[in-house]
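This report concerns only the one structure given below.
The values are calculated or read from the model by the stated rules, or taken from the named source; none is laboratory data. Computed from a predicted model, the values in this text were never measured in an experiment. All Cβ positions, even for glycine, are placed from backbone atoms using ideal geometry, and neighbour counts span all protein chains on display.
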Amino acid sequence: MSEMKLGNPAVVGLAGFGMTTFVLQCHNLGWCGIAPVLWLGLVFGGTSQLIAGLLEFKTGNNFGFCAFTGYGAFWIALCLMVIFGKNPDLVKAYPTLGFNANDLGFFLLAWTIFTFILFIASMKHHGTLAFIFLTLLLGFIGLDIKEFMGSAAAGTFAAYDLLVCAFSALYLMTVAVYAESGIKLPVGDAWIK
């Protein structure tokens with residue numbers, strides 16, 4: 001009996017990451033409200049990436065497992081922080097739910113460290129993946145500066161940088177989807193051999 005061919009879980013993970021990152025930056029630049037970010041973040045950026053990560057575990061891909069489950073958890077946590085922590089009635093009843101820029105800064109700093117670790121590993125894969133993680137790392141650094149120092153310029157830099165990151169992730173998703181149709185798109189060589 002032949003084994004069933006499994007799909008590539010990275011396509012859903014990259015789509016969830018890219019689309020949610022794109023919509024969040026649209027919000028950060030003032031182009032849309034927070035509601036689409038929260039819904040997309042919980043369902044596609046969060047849950048779908050988490051599932052993609054667990055499926056990467058099944059394939060033995062530790063990098064994909066770590067990245068997709070990690071960033072899936074990031075989106076779920078961030079959305080829940082905003083939903084519960086910015087609700088004045090809930091914060092009044094449960095003050096520990098509230099957070100300020102410093103609290104958000106430390107949350108983001110932890111993800112900056114996580115992203116730095118994955119960026120180093122991504123450089124051994126291929127150029128597109130390394131570029132995604134480089135732009136993600138720079139975006140997190142910009143957000144850290146925005147939250148800790150109140151720098152609007154750093155926040156604007158981060159938003160535009162993360163738009164590039166989002167489109168790069170969607171490009172890599174496209175590479176994987178098109179490959180099954182025999183369409184080969186370039187991904188570039190590994191930055192570290």
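From the list Lys92, Lys124, the lone residue that is outside any loop (DSSP other than H, G, I, E, B) and more than 17 Å from the chain's Cα centre (by Cα) is Lys92. Of all the listed residues (Phe22, Phe17), the sole one being under 21 Å from Leu163 (Cβ atoms) and surrounded by 21 or more Cβ atoms within 10 Å (Cβ to Cβ) is Phe17. Of Leu163, Leu97, all but one fail to be under 23 Å from Val37 (Cα atoms), surrounded by fewer than 21 Cβ atoms within 10 Å (Cβ to Cβ), in contact with a Phe, Trp or Tyr (Cβ under 7 Å, 6 or more places away or on another chain) and at pLDDT below 95; the exception is Leu97. Restricting the first residue to the stretch 54-79 and requiring it to be among the β-branched types (Val, Ile, Thr), which pairs with a second residue that is not in a helix (DSSP H, G or I) meet a Cβ separation below 9 Å and a spacing of at least six or different chains? If the second residue must be not in a helix (DSSP H, G or I), the pairs left are Thr59/Leu6; Thr59/Asn8; Thr59/Pro9. Taking the numbered list (1) part of a helix (DSSP H, G or I); (2) touching a residue at least 60 places away in the same chain (Cβ under 8 Å); (3) surrounded by fewer than 20 Cβ atoms within 10 Å (Cβ to Cβ) in turn, Ala130 passes all entries but (3). If you go through the stretch 1-60 and pick out every residue that is under 22 Å from Lys86 (Cα atoms), in a loop (DSSP other than H, G, I, E, B) and either at pLDDT below 95 or in contact with a helix residue (DSSP H, G or I) (Cβ under 9 Å, 6 or more places away or on another chain) (or both), you end up with 5. In the stretch 98-110, the residue that is farthest from Phe133 (Cα to Cα) out of those that are assigned to a helix (DSSP H, G or I) and in contact with a helix residue (DSSP H, G or I) (Cβ under 6 Å, 6 or more places away or on another chain) is Ala101.
Looking across the stretch 148-160, the residues that are surrounded by fewer than 21 Cβ atoms within 10 Å (Cβ to Cβ) and either in contact (Cβ under 8 Å) with a residue 24 or more places away in the chain or assigned to a helix (DSSP H, G or I) (or both) come down to Phe148, Met149, Gly150, Ala152, Ala153, Ala154, Gly155, Thr156, Phe157, Tyr160.
Consider the stretch 166-193 and keep the residues that are among the polar types (S, T, N, Q) and free of Cβ contacts under 8 Å to residues at least 12 places away in the same chain. The one that is surrounded by the fewest Cβ atoms within 10 Å (Cβ to Cβ) is Ser181.
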